[in-house]
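Down below is the structure, laid out as structure tokens.
The values are calculated or read from the model by the stated rules, or taken from the named source; none is laboratory data. In this text the structure is predicted, and so the values were computed from the model without any measurement. Cβ coordinates were reconstructed from backbone atoms using ideal geometry, including for glycine residues, and neighbour counts include every protein chain displayed. All accessible areas refer to the heavy atoms of the entire protein, side chains included, with ligands and DNA or RNA removed. Shrake-Rupley method; radii C 1.70, N 1.55, O 1.52, S 1.80 Å.
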Amino acid sequence: MCGIAGYWGDKPHSVEEIQNTLDLMKNRGPDNQDYKHIKSKNGKNIYFLHSRLSIIDLDKRSNQPFLIEDYAIVFNGEIYNFIELRKELINKGIKFKTKSDTEVLLQSYIYYGKKCLDYFEGMWSFAIWDFKKNSIFIARDRFGEKPLYLLKANSGIYFSSE
């Protein structure tokens, strides 16, 4: 089930605002809640919020926001073919720290870029912050099974899965 939310833009948000949002998301995932505030190279504020329902890789190492070196992700959904994709990436020399589809998704983005979407079977909505490119990549599955809402405001863009 899980829930994601976030923001990209000029406005800084208080811890109270973040906590209020996480409180609203509690029904989406009672197992863990966390957020990450990132300051981009050009001074933009990026907030990634996640509320987790643990289904795959129950260990806390798979909690989100999930980071690998220069990349951060919040993800809601399931990549049905993540085991096969994981094997393919291992054969390409990629090392994994978890058994989660979240890490497979992010490693796929790191390896394939935006074309990673061509490899996924499942339902998803996610946002990835790419520190190297100083950019955000937001996507949902082809059929919109996992909703992804966007709101463009004067100060930036808000997104959520609920």
Restricting attention to the range 135-146, the residues that are open to solvent by 40 Å² or more (accessible area, probe 1.4 Å) and closer than 18 Å to Q64 by Cβ number exactly 3
Within the range 1-56, residues being over 19 Å from S125 (Cα atoms) and under 14 Å from the mean Cα position of the chain (by Cα) number 2
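In the range 1-15, which residues are open to solvent by less than 40 Å² (accessible area, probe 1.4 Å) and at pLDDT 95 or above?
Within the range 1-15, I4, A5, G6, Y7, G9, H13 qualify.
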Does I79 fit the bill of being surrounded by fewer than 17 Cβ atoms within 10 Å (Cβ to Cβ) and farther than 30 Å from P12 by Cα?
no
Among I68, I18, the single one that is without any contact (Cβ under 8 Å) to a residue 40 or more places away in the chain, among the hydrophobic types (A, V, I, L, M, F, W, C) and open to solvent by less than 50 Å² (accessible area, probe 1.4 Å) is I18
Condition set open to solvent by 20 Å² or more (accessible area, probe 1.4 Å) and touching a Gly at 6+ places or on another chain (Cβ under 9 Å), scope the range 37-58, selection farthest from K152 (Cα to Cα): answer is S54
Exactly one of I55, I83, I18 is part of a loop (DSSP other than H, G, I, E, B) and either modelled with pLDDT under 95 or over 20 Å from K114 (Cβ atoms) (or both), and that one is I55
Over the range 83-112, the set of residues touching a Ser or Thr at 6+ places or on another chain (Cβ under 8 Å) and touching a residue at least 24 places away in the same chain (Cβ under 8 Å) is L85, T98, K99, S100, T102, E103
Being open to solvent by 40 Å² or more (accessible area, probe 1.4 Å), of a type in the set (K, R) and at pLDDT 95 or above narrows K26, K97 down to just K97
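Give the number of residues within the range 132-162 that are outside any loop (DSSP other than H, G, I, E, B), in contact with a helix residue (DSSP H, G or I) (Cβ under 9 Å, 6 or more places away or on another chain) and touching a residue at least 40 places away in the same chain (Cβ under 8 Å).
Residues meeting the conditions: 1.
In contact (Cβ under 8 Å) with a residue 12 or more places away in the chain, closer than 15 Å to V74 by Cβ and open to solvent by 40 Å² or more (accessible area, probe 1.4 Å), is that true of R61?
Details: in contact (Cβ under 8 Å) with a residue 12 or more places away in the chain: yes; closer than 15 Å to V74 by Cβ: no; open to solvent by 40 Å² or more (accessible area, probe 1.4 Å): yes.
Answer is no for this residue.
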Within the range 22-52, residues outside any strand (DSSP E or B) and among the aromatic types (F, W, Y) come out as none
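How many of the residues in the range 114-134 are out of contact with any Ser or Thr (no Cβ under 7 Å at 6 or more places or on another chain), open to solvent by 40 Å² or more (accessible area, probe 1.4 Å) and within 18 Å of N42 (Cβ to Cβ)?
Looking only at that region, the number is 3.
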